[in-house]
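Quick notes on the structure that follows.
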Amino acid sequence: MSADAASPADAAAADGSAAETPTGPDRSFAAPPRRPVVAAVALVVLALLAALGIADVQPPSPRPASAPADEFSAGRAFEHVQRIGQEVHVTGSPAADRVRQYVVDTLTGYGLHPEVQDAVGVNAGKFGDGGMAHVRNVVAVLPGASSTGQIVLMAHYDSVQVSYGANDDGAGTSTLLEVARALTAGGAQRPRNDIVFLFTDAEEACLCGAEAFVSQHPLGQKPSVVLNFEARGSSGPAVMFQTSTGNADLIDVYAHTPHPVGTSLAVEVYRLLSNDTDFTPFLAQTRFTGLNTAYIDGSSVYHSPFDRPSTMNRASLQHHGDNALALARELGGANLPPLLKPAAGDAVYFPFAGLLVRYPAALTWPIAALALLAVAALVYLARRRGLTTIPRTLAGLGLALVPLIAAAVAAQALWALLVAIRPGYGELLDPARPTWFRFGVVALTTAILLCWYALSRRRLGPVPLATGGLALLALLGALFAAVIPGGSYLVAIPALVGALAGIGALYARPALAKVAVLTAGAAVATLILAPTIALFFPALGLATGAAAAMFTVLMGLAVLPVFEPLYRPPLAPRHRRLGAAPAAVALVASLACTTVGMVVDDWDTGHPEPTHLMYALDRDTGTAEWVSLEQSPGEWTSQYVRNHQALNRQFPVLPDGMLSVGPARAADLPAPEAKIVSDETSGDQRTLHLRITSQRQVRFLSFYGEVGDHRVISATVEGRTATTYVTEQDRFGIIFHGPPTEGLDVTLVLKGTAPFKLRLVDGSDGLTNLPGFTPRPPTVGVFGSHSSELLAVAVTQTL
Ligand SMILES: [Zn+2]
């Protein structure tokens, strides 16, 4: 890029003298004289800072099993992972019993006295049904030496039905076990406060274990600081992504952990995702404060049969453990009462240069306002020097939207192209090996940005573009302050610092000092934005690559003034081809990265193409269907499903809307059954006492009032009140996970005395023994979901 520095056409400009003659206008705020070498050095510095910022949010090296006893060792914790992730252990299964027994035995071995809370939990299910489960939580207390309050460390020990749950949530379970060991090891000082280790059941089904602890366990009635540990993938940093409200004091505590990785933006992003964790039932109660942490990269294994010990990155486990142990020690020794109440406010926090920077959220609007003022001041000063005008700056602002939108469209188009080439990607948030694709998206975004810049600067000039770009950042800072306040810092601070650097550059002499001041401003933007972009990719996946692409553009807008000296002055003769060179290099890099990504990430037996299939048998009609959630079914799934049909009415456990469906042979399977134990009528009200049983080994048993039938006034299931209506259709429905073999004890109070139609659906896992099912070849896998391999049998009974 610097090969043409000596070309005579702009030799005068190249040495900087032309721009600084007292007679000519000082074009040197965003357009310091052309100094390709200086600019290249500045860009290398920024690239290094970006790399350091990203390295700073990576997990630490795992410590071996021989690590000192008072430390957290991923090597030791991984032994638990291997045991827990040995087999699928969905709630209510014998395998879940074995995992629970292992947890109890391990805690007992540490001198603790774990108990099993046997209860019924109630919560909204994944499809909006009234979710319930028979749960068995493991609870162990390490009593404090002179307790000022209670800390709850929580993880769930159940897995989703097709997954081994080594990461989700073998990671959290093993983290808790290794923390319990470290805190009880010989010579360990007893913490001041009580520490409760809570291993919940039925998180995957309905968060019912956590709900049962909160609603029924004596320790769940005490004010507590709750720390939840999760995994939504197999690798990456353990990100603290969710807090209770009024988090300022807890963020202070979290900032003292060895590797704090979190941003107040994550809280906002998490609200946009539909995931829930055990933390949710706690958040609903004011007596709890807390933090929720998960590692989220490697999401292709999430809930899939590949969530096995072998896929776990032990650095992620070490990250979980280092922070969990540090939090247990710090909170365990603190004067807890102030931390058991929400702080006066939330904190804004984010990783910056190895620290977790934090300040009160009350400063969000003042900082956003300051950024707008600083940009206005810069425009005013630059205008006085004849470097820009208000219309030109406004044009720069409008033009800055072009790469922002183009990058978002391009990132989504790239993903659409990848899905078109590999349809199985359509079922994933991220491919199994996403790194090259991520570089591809960043390079593509860079190409768009540089192409846009090379074209726009000739028409508008660098200063209006730079001030317009900063104005866009500042306006977004205000918009975010209104809509997602935890994320406003991402744009408001780069705008503020960039504008101040611009003002500094207007006055700095000599030219090198201008570059230094502009680089310092861009450095702040880089250190703020680069780690967040790196976290965006795993959080939202390539399927939502637009988010990372857009923030890459925003970082680029803040850095562009440093790029400018690479280019010829706007008045110099045009060298279109050279002006296009940086963009062309970035485009070639993008194509190369994407191609390498496709080669590296092909389907194989270790990473098979994910497919989704279920089987639904209607005993009323004696017909059966194959059903898939794949919207455009791939080759393997197409053998079974050919049409689209809505099945939610017949099988209320299935999602709403059109599903891929095909005819299947009816299997000889018995339907669930409701027996009337008693039936009493009093006036217009009828009380039906039922025993609902499944005739086969099932994971869940569900029952629904007929569509349009609004007559269930109240329902009691296994002793708990559970009146629930499926909101989309205003239909009564309960899904009970892990039902007892002797069936469910159900009391329904009905309005009206006419016969009542009850739709019963039960569900088991595994399609292997069904007529017409052929096992998958090794390169075809099972998509990680709550409904993969579901076998549902339904019947209607009139009572
Ligand atoms: Zn989980």
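Just name the residue that is nearest to A501 (Cα to Cα) out of those in the stretch 445-475 that are in contact (Cβ under 8 Å) with a residue 40 or more places away in the chain and open to solvent by 30 Å² or more (accessible area, probe 1.4 Å). It comes out as L475. Within the stretch 97-113, one or more residues are surrounded by fewer than 21 Cβ atoms within 10 Å (Cβ to Cβ), in a helix (DSSP H, G or I) and hydrophobic (A, V, I, L, M, F, W, C).
Restricting attention to the stretch 613-627, the residues that are buried (at least 18 other Cβ atoms within 10 Å of the Cβ) and either among the β-branched types (V, I, T) or modelled with pLDDT under 95 (or both) add up to 1.
Looking only at residues in the stretch 654-678 that are surrounded by 13 or more Cβ atoms within 10 Å (Cβ to Cβ) and acidic (D, E), the one that is farthest from W626 (Cα to Cα) is E673. Among the criteria (1) surrounded by 24 or more Cβ atoms within 10 Å (Cβ to Cβ); (2) in contact with a helix residue (DSSP H, G or I) (Cβ under 6 Å, 6 or more places away or on another chain), the one S163 does not fulfil is (2). Any chance the stretch 117-138 includes a residue that's surrounded by fewer than 19 Cβ atoms within 10 Å (Cβ to Cβ), away from the ligand (no atom under 16 Å from the Cβ), under 30 Å from P610 (Cα atoms) and among the aliphatic types (A, V, I, L, M)? The answer is yes, given that some residue of the stretch 117-138 is surrounded by fewer than 19 Cβ atoms within 10 Å (Cβ to Cβ), away from the ligand (no atom under 16 Å from the Cβ), under 30 Å from P610 (Cα atoms) and among the aliphatic types (A, V, I, L, M). Each residue in the stretch 629-653 was checked for being crowded, with 23+ Cβ neighbours inside 10 Å and closer than 26 Å to Y704 by Cα, and 3 pass.
If I ask for residues that are away from the ligand (no atom under 14 Å from the Cβ) and in contact with a strand residue (DSSP E or B) (Cβ under 9 Å, 6 or more places away or on another chain), which ones from the stretch 282-293 would you list? Residues satisfying the conditions are F282, L283, R287, F288, T289, G290, L291. Quick check on the stretch 419-441. Is at least one of its residues closer than 26 Å to A501 by Cα and either free of Cβ contacts under 8 Å to residues at least 60 places away in the same chain or open to solvent by less than 30 Å² (accessible area, probe 1.4 Å) (or both)? No, the stretch 419-441 has no match at all.
Among the residues that make up the stretch 392-401, is at least one of them farther than 12 Å from T594 by Cα, assigned to a helix (DSSP H, G or I) and out of contact with any helix residue (DSSP H, G or I) (no Cβ under 8 Å at 6 or more places or on another chain)?
No.
Each residue in the stretch 232-268 was checked for being within 16 Å of the ligand (Cβ to nearest atom), within 25 Å of I484 (Cβ to Cβ) and touching an Asp or Glu at 6+ places or on another chain (Cβ under 7 Å), and 3 of them qualify.
One residue stands out among those in the stretch 174-219 that are free of Cβ contacts under 8 Å to residues at least 60 places away in the same chain and more than 30 Å from the chain's Cα centre (by Cα): the one that is least open to solvent (accessible area, probe 1.4 Å), which is D194.
The values are calculated or read from the model by the stated rules, or taken from the named source; none is laboratory data. The model shown is predicted, which means the values in this text are computed figures rather than measured ones. Cβ: placed from backbone, ideal geometry, glycine included. Neighbour counts: every protein chain shown. The protein model used for the area step is the full one, side chains on, heavy atoms only, and it has no ligands, DNA or RNA in it. Shrake-Rupley method; radii C 1.70, N 1.55, O 1.52, S 1.80 Å.
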